[in-house]
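Structure first, then comments.
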Amino acid sequence: MSRPSTAALIPAAGTGERLGMGPKAFVCLGQKTLLMHVVDAFDGLVDEIVVAVSPEMVNEASGRISNARMIVGGSSRQATVLNLLRATAAELVIVHDAARPFLEPAVIDRTLAATRRHGAVTAARPVVDSLIDTTSQMSVDREKLRAVQTPQGFRHELLLRAHLRAFEGGYSATDDAALVRRLGHEVALVEGSPMLMKVTTLQDLEMARALERSWCRADT
Ligand code: CTP
Ligand code: MG
């Protein structure tokens, strides 16, 4: 039996408000932009790579990146992912934010393998800090908790159904796995990585720039 076709879907249409350096996906980290780090990580591991950027960036991005197809994103991350889902016919999709540039091949491999098996999966990490509920001032047991990251993998049909339901119902979530769970479908967990840090603020970017030097050495 042939393997189901696969696509990496990369939301990169955000404005990068909190970082304050223009569209975040186009900020440089070493020799490459955040977006190029992510696109290159998927190169050769999936059948196609589709990237969604803002209308202002689509020409520039198409000119600079040859190993992915560019489309225009939406006004929220969720709207952007829906556009991406409509732009591919792949049977399995892996959604990964341009804001998480350090994507190891092993993480992609285990996400793909678990997606083939379960149909819905997210990378997640145990929580290492102690936690407190600020309303009750009570400690929260961290053993049962996980921090959700991307990549997240789904059967295309399932994620599209989850997005259309959210669109019709007028509700939103900060990640795709949450929309799938709202359909009543379980989402499996695969081990994420501390390298999957999200670049949100200037401090994160400084940390990422420090990390990038050893990341590139490991790559060569
Ligand atoms: N994203 C997107 N379309 C949007 C909003 C966000 O594709 N309308 C993408 C971002 O490009 C990023 C990912 O979703 O890769 C996670 O979003 P976030 O880290 O919040 O990035 P921004 O929205 O760009 O940053 P900010 O919220 O600070 O403006
Ligand atoms: Mg945002």
Item to complete: Please state, to two decimals, what the Cα-based radius of gyration of the chain comes to when divided by 2.2 N^0.38 Å (N = residues).
Response: 1.01
Worksheet, complete the sentence: Length gained, Thr174-Glu191, 0.36 nm per residue minus C-alpha separation, equals 4.2 nm
Worksheet item: Which whole-Hz ³J(HN,Hα) couplings does segment 19-33 yield from phi under the Karplus relation 6.51 cos²θ - 1.76 cosθ + 1.60, θ = phi - 60°, glycine and proline marked x?
Response: 6, x, 10, x, x, 4, 4, 9, 6, 7, 9, x, 7, 10, 6
Item to complete: For segment 73-167, compute Rh as the Kirkwood radius over C-alpha pairs and then the Stokes-Einstein diffusion coefficient at 25 °C and 0.890 mPa s; write the answer in µm²/s, rounded to an integer.
Response: 161 µm²/s
Item to complete: Provide the per-residue ³J(HN,Hα) series for segment 200-211, in order, calculated from phi with Karplus coefficients 6.51, -1.76, 1.60 and θ = phi - 60°, each as a whole number of Hz, with x at glycine and proline positions.
Response: 10, 10, 4, 4, 4, 5, 4, 5, 5, 5, 5, 5
Practice prompt. Please calculate how many Å² of accessible area segment 1-124 carries per residue, with a 1.4 Å probe and no DNA, RNA or ligand atoms counted.
Written response: 42 Å²
Practice prompt. Could you work out the per residue convex hull volume over the alpha carbons of segment 23-85, in cubic angstrom?
Written response: 86 Å³
Response to the item:
Taking the chain and counting helices only, DSSP H stretches of n ≥ 4 at -39,500 (n - 2.57) each over all residues, the nearest-500 ellipticity at 222 nm comes to -11000 deg cm²/dmol
Practice prompt. Taking the Cα centre of the chain as origin, work out the dipole magnitude from +1 charges on Lys and Arg Cβ and -1 charges on Asp and Glu Cβ, in debye rounded to 20.
Written response: 220 debye
Discussion item. Against the 2.2 N^0.38 Å scaling, with N counting residues, where does segment 31-122 land? I'd like the Cα-based Rg ratio to two decimal places.
Written reply: 1.07
Worksheet entry | Semi-axes of the equivalent ellipsoid for segment 161-220, Cα gyration tensor, largest first, Å | 34, 15, 9
Discussion item. For the pair Arg146/Ser76, report the inter-label distance in nm, with labels modelled 7 Å from Cα in the Cβ direction.
Written reply: 2.5 nm
Item to complete: Quick one: grab the alpha carbon gyration tensor of segment 105-220, order the square roots of its eigenvalues as a ≥ b ≥ c, and give me rounded if a/c is under 1.5, else prolate or oblate depending on whether a/b is larger than b/c.
Response: oblate
Response to the item:
Note, segment 74-86: 3J(HN,Hα) by Karplus (6.51, -1.76, 1.60, θ = phi - 60°), whole Hz, Gly/Pro = x, goes x, 7, 9, 4, 4, 5, 4, 5, 4, 4, 5, 5, 6
Item to complete: For the chain, give the percent of accessible area contributed by carbon and sulfur heavy atoms, probe 1.4 Å, rounded to a whole number.
Response: 51 percent
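The values are calculated or read from the model by the stated rules, or taken from the named source; none is laboratory data. Here the structure is a predicted model, which means the values were calculated and not measured. We place every Cβ from the backbone using ideal geometry, glycine too, and count neighbours over all the protein chains shown. Each accessible area value is taken on the protein alone, full model and side chains, heavy atoms only, with ligands, DNA and RNA left out. Shrake-Rupley method; radii C 1.70, N 1.55, O 1.52, S 1.80 Å.
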